[in-house]
1. At 1.4 Å probe size, with no ligands or nucleic acids counted, give the accessible surface of CYS42 in Å², nearest ten.
2. Return the inverse of the average 1/r over all pairs of distinct C-alpha atoms in region 68-155, which is the Kirkwood hydrodynamic radius, in Å to one decimal.
3. What do you get for the angle between helix 2-24 and the principal long axis of the chain? Use alpha-carbon atoms, 0 to 90 degrees, nearest ten.
4. For region 26-96, calculate the relative contact order in percent as a whole number, restricting contacts to Cα pairs under 8 Å that are 6 or more residues apart.
5. Using +1 on the beta carbon of Lys and Arg, -1 on that of Asp and Glu, and nothing else charged, what's the dipole of the chain about the Cα centre, debye to 20?
6. May I ask for the angle, rounded to the nearest 10°, between helix 58-88 and the longest principal axis of the chain, with both axes built from Cα atoms and the value confined to 0 to 90°?
7. Could you order SER71, SER52 so the one with the most accessible surface comes first? Probe is 1.4 Å.
8. Going by alpha carbons, how many degrees (0 to 90, nearest 10) lie between the helix axis of 96-126 and the longest principal axis of the chain?
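The values are calculated or read from the model by the stated rules, or taken from the named source; none is laboratory data. What you see is a predicted model; the values in this text were computed from it and never measured. In this analysis, Cβ positions are derived from the backbone assuming ideal geometry, glycine residues included, and neighbour counts consider all displayed protein chains. Accessible surface areas use protein heavy atoms only, side chains included; no ligands, DNA or RNA. Shrake-Rupley method; radii C 1.70, N 1.55, O 1.52, S 1.80 Å.
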Amino acid sequence: MLAVLAFIIIFHIVALVLLFISAIDNAWWVGEDFSADIWRVCTNSTNCTEISDLSDNYSIMQAVQATMILSTILCCISFLIFLLQLFRLKQGERFILTAIIQLMSCLCVMIGASIYTDRRQDLHQQNFAVYYLTQEGSYGYSFILAWVSFSFTFISGLMYLILRKRK
């Protein structure tokens with residue numbers, strides 16, 4: 001049982017680390033001479049322009065930013081609640097509250113990454129002054145990590161639904 005508990009804790013921490021990296025690092029859309037994320041666009045890794053409310057469709061990026069931050073916060077909260085429930089639940093009870101919060105984190109990641117996937121091209125075309133170098137690029141590792149963290153938080157949420165407290 002101790003091995004299962006260690007696996008669940010490590011799995012949750014890995015999901016949390018993936019969420020932090022995908023939300024913070026500057027690699028959602030990358031090319032040879034640029035990188036762009038949900039916060040800024042950088043050329044030559046020295047000249048960075050923050051995405052601000054002066055950009056067209058800034059609300060799209062705000063939605064992605066908000067859902068990624070919310071998913072990270074919810075994942076942290078679910079981990080703390082799991083640790084709390086580990087010592088407070090009676091034997092045989094399920095970790096329902098932890099599962100619900102973790103699945104909400106999963107939903108937020110999915111919404112944020114889906115919005116970015118769907119609206120990226122429109123955002124780049126309508127804000128050509130900021131994204132002028134980013135036309136020829138591809139999705140970066142932060143974007144991929146966001147989708148990987150979606151699957152990790154989903155699996156983790158399902159594990160918490162199934163898991164019962166044992167001695």
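1. Here the residue's solvent-accessible area equals roughly 10 Å².
2. Working: mean 1/r = 0.0669 Å⁻¹.
For region 68-155, inverting the mean 1/r across all distinct Cα pairs yields 15.0 Å.
3. The answer is roughly 20 degrees.
4. Dividing the mean separation by the residue count of region 26-96 yields 15 percent.
5. 1460
6. Helix 58-88 sits roughly 20 degrees off the main axis of the chain.
7. Values: SER71 0, SER52 40 Å².
So the residues, ranked largest to smallest area, are SER52, SER71.
8. 10
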